[in-house]
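Everything below concerns the one structure shown next.
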Amino acid sequence: MKFRNFKMVDYVVYGRGCFNQLDEIIAPHRKEGKPMIFLVDHFFENAPLVNRIPLRGKDKILFADVTYEPKTTYVDSLAGQLKNEFDSVSGVIGIGGGSTMDLAKAVSLMMNNPGSSADYQGWDLVRLPGVYKVGIPTLSGTGAEVSRTTVLTGPTKKLGMNSDFTPFSQIVLDPELTANAPVNQRFYTGMDCYIHCIESLEGTYLNEFSKSYGEKALELCRKVFVKKDSWDNECDDQLMMASYAGGMSIAYSQVGVAHAVSYGLSYLLGTKHGIGNCIVMNHLEEYYPAGVKEFKYMVEKNKIDIPQGICKGLTDEQFDTMINVSLGMKPLWENALGKEWEKIMTRDKLRALYEKL
Ligand code: NAD
Ligand code: ZN
């Protein structure tokens with residue numbers, strides 16, 4: 001048995017208001033004449049947060065358009081723009097949800113690696129470290145702040161740049177930044193974390209490392225979405241740590257059925273990650289009975305709408321595309337259903353599941 005030796009984020013700061021320390025934290029990483037690039041979720045254009053960004057010298061703020069989840073073409077154009085404008089940069093600092101954090105990681109890598117980000121979609125294809133990169137989440141749940149991947153839709157596949165060079169150099173976990181996120185968005189992204197936990201804890205790859213983090217993350221998700229009757233600061237604090245711990249849990253295990261099926265939806269229909277996982281989870285009683293029951297309770301308690309019937313009217317060819325994308329996620333299926341997963345999750349069975357969504 002060979003155990004995975006995984007690279008983690010280098011530095012972590014956590015606490016309400018710790019965003020104010022950003023200037024001091026990044027100071028030692030500034031290189032003479034080379035700017036820091038702040039890649040900021042476009043939601044914050046004109047928001048007070050922008051005025052708190054510690055700009056110095058030639059530093060630049062770029063607003064990230066996250067209307068669609070990150071594409072390799074977008075990463076290439078951002079990196080290209082920066083390479084045209086500057087010889088090199090001191091670092092890339094992503095401030096936003098999972099999409100912006102993934103963009104920041106990918107752009108940092110593409111500042112030093114040749115070609116297109118599409119060339120690196122896969123496992124351990126990235127050859128050179130990127131520039132200094134910082135992740136500052138403004139939504140909690142994806143675990144993108146701790147993961148070794150950056151999920152990108154490319155010309156032929158939806159797959160991350162998974163590598164030891166991908167994790168952030170620094171993350172700044174300030175729960176104040178997640179306050180006031182819209183209720184539905186907060187739920188969908190929060191459920192990404194809940195679903196990571198269920199898939200990790202119910203998976204065949206589970207070990208004590210991922211179990212310890214997964215159980216803690218699950219407990220925090222329950223505090224926020226099951227026990228609390230109204231949202232408060234403590235919920236932001238707890239969900240941010242749930243996201244971190246959930247990410248650590250899957251770092252040493254894997255996600256499962258909800259993610260594998262949801263990837264097909266997002267590839268064909270552009271369904272976003274958080275909501276897509278929720279749409280699928282709603283129909284997974286057969287695989288995660290207790291988790292799905294609790295999920296449905298949380299949906300009801302938090303008064304959230306989960307879309308139904310999104311696969312109505314799709315053609316055979318479109319179903320086939322989703323099935324191909326989904327079945328391509330082999331480690332997810334193996335984690336969920338064991339080594340013999342192909343005998344359990346046949347194309348017909350998966351088609352029937354997609355038809356229910
Ligand atoms: P997101 O980043 O796509 O953002 C969703 C929406 O919320 C956007 O409109 C954004 O502008 C807005 N938003 C962000 N912060 C806000 C705030 N504080 N208040 C109000 N609105 C805000 O959403 P997400 O769920 O955080 O991230 C999903 C993305 O993360 C997907 O692209 C997915 O592929 C990726 N992901 C990556 C990993 C990883 O390990 N790298 C893991 C899971 C998901
Ligand atoms: Zn996820």
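The numbers here are math on the coordinates, done by the rules we state, and not lab data. Every value quoted in this text rests on a predicted model; they were computed, and no experiment measured them. Glycine also receives a Cβ, built like all others from the backbone with ideal geometry; neighbour counts cover every protein chain displayed.
Lysines near LYS303 by alpha-carbon distance under 20 Å, same-chain residues fewer than 8 away left out - which ones?
Counting by Cα, and skipping residues close in sequence, LYS303 has these lysines nearby: LYS223, LYS227, LYS228, LYS272, LYS293.
Equivalent ellipsoid semi-axes for the range 183-356, as square roots of 5 times the alpha carbon gyration tensor eigenvalues: give them largest first, rounded to whole Å.
Values: eigenvalues 140, 77, 30 Å².
The answer is 26, 20, 12 Å, longest axis first.
If you average 1/r over all unlike Cα pairs in the range 126-207 and invert the result, what Kirkwood radius do you get in angstrom?
Working: mean 1/r = 0.0682 Å⁻¹.
For the range 126-207, the Kirkwood estimate is 14.7 Å.
Give me a comma-separated list of calculated 3J(HN,Hα) values for the range 162-173, in order, Karplus coefficients 6.51, -1.76, 1.60 applied at θ = phi - 60°, integers in Hz, x for any Gly or Pro.
Result, ordered by residue: 7, 6, 6, 8, 7, x, 4, 6, 8, 10, 10, 9 Hz.
Excluding same-chain residues fewer than 8 positions from LYS211, which aspartates and glutamates have a Cα within less than 18 Å of its Cα?
Hits, sequence-local ones excluded: ASP192, GLU199, GLU202, GLU219, GLU334.
What net charge is computed for the residues neighbouring TRP341, neighbours being all others with C-beta under 12 Å from the C-beta of TRP341, Lys and Arg scored +1, Asp and Glu -1?
+1
So how long is each side of the range 11-178 along the principal axes, counting just the alpha-carbon atoms, biggest first, in Å?
Answer, in whole Å and largest first: 40, 36, 29 Å.
Report the net charge of residues surrounding THR178, where surrounding means a beta-carbon distance below 10 angstrom and charges are Lys +1, Arg +1, Asp -1, Glu -1.
Details: positive: ARG186; negative: ASP174, GLU176, ASP236, ASP237.
Result for the neighbourhood of THR178: -3.
Please list, in order along the range 334-342, the HN-Hα scalar couplings obtained from phi with the Karplus expression 6.51 cos²θ - 1.76 cosθ + 1.60 (θ = phi - 60°), rounded to whole Hz, x for Gly and Pro.
The phi angles translate into 5, 4, 6, 10, x, 4, 8, 4, 5 Hz.
Add +1 for every Lys or Arg and -1 for every Asp or Glu among the other residues with Cβ under 9 Å from the Cβ of ARG16, and state the total. Intermediate results must be reported in sequence, preceding the final value.
Values: positive: none; negative: ASP174, GLU176, ASP236, ASP237.
Value of the local net charge: -4.
For LEU128 and LYS157, FRET efficiency with R0 = 30 Å and r from the beta-carbon atoms, rounded to 0.05?
Values: r = 22 Å, r/R0 = 0.74.
The calculated FRET efficiency here is 0.85.
Calculate, in nm to one decimal, what LEU55 and ILE344 gain on full extension: separation in residues at 0.36 nm each, minus their alpha carbon distance.
Working: separation 289, 0.36 × 289 = 104.04 nm, distance 5.44 nm.
Value of the extension gain: 98.6 nm.
Could you list which residues have their amide H under 5 Å from that of LYS71, counting only those 5 or more apart in sequence or on another chain, with H placed in the peptide plane?
It is THR153, by chain and number.
Taking the DSSP beta bridges in the chain as the whole, what percent of them are antiparallel, to the nearest 5?
Details: 4 of 29 bridges.
Counting only bridges with both partners in the chain, antiparallel ones make up about 15 percent.
Out of the range 269-357, which GluC sites (Glu not before Pro) are coil in DSSP terms and have no more than 10 other C-beta atoms within 10 Å?
Values: sites: GLU285, GLU286, GLU294, GLU300, GLU317, GLU334, GLU340, GLU342, GLU355; in loops: GLU285, GLU286, GLU340.
Here the sparse-neighbourhood loop sites are GLU286, GLU340.
Would you mind working out the magnitude of the charge dipole of the chain relative to its Cα centre, with +1 at each Lys and Arg C-beta and -1 at each Asp and Glu C-beta, to the nearest 20 Debye? Provide the component values of the computation, followed by the final result.
Numbers: 39 positive and 43 negative charges, 70 e Å.
Result for the chain is approximately 340 debye, rounded to the nearest 20.
Translational diffusion coefficient of the range 225-274 at 10 °C, 1.306 mPa s, Stokes-Einstein with Kirkwood Rh over Cα pairs, in µm²/s as a whole number.
Numbers: Rh = 13.2 Å.
Estimated via Stokes-Einstein, D reaches 121 µm²/s.
Amide H to amide H, which residues 5 or more places from LEU39 or on other chains are under 5 Å from it, using H placed in the peptide plane?
When sequence neighbours closer than 5 places are left aside, the close amide H contacts are LEU62, ILE93, GLY94, ILE95.
Skipping prolines and chain starts, which residues have an amide H placed within reach, meaning under 5 Å, of the one on ILE171, given they are 5 or more residues away or on another chain?
So ILE171 has HN proximity to TYR11, VAL12, VAL13, GLY135.
So for the pair PHE209, ALA352, with labels modelled 7 Å out along Cα→Cβ, what separation do we get in nm?
3.8
Relative to 2.2 N^0.38 Å, what does the C-alpha radius of gyration of the chain come to as a ratio? Two decimals please.
Working: Rg = 19.7 Å, N = 357, 2.2 N^0.38 = 20.5 Å.
Against the compact-globule rule of thumb, the ratio is 0.96.
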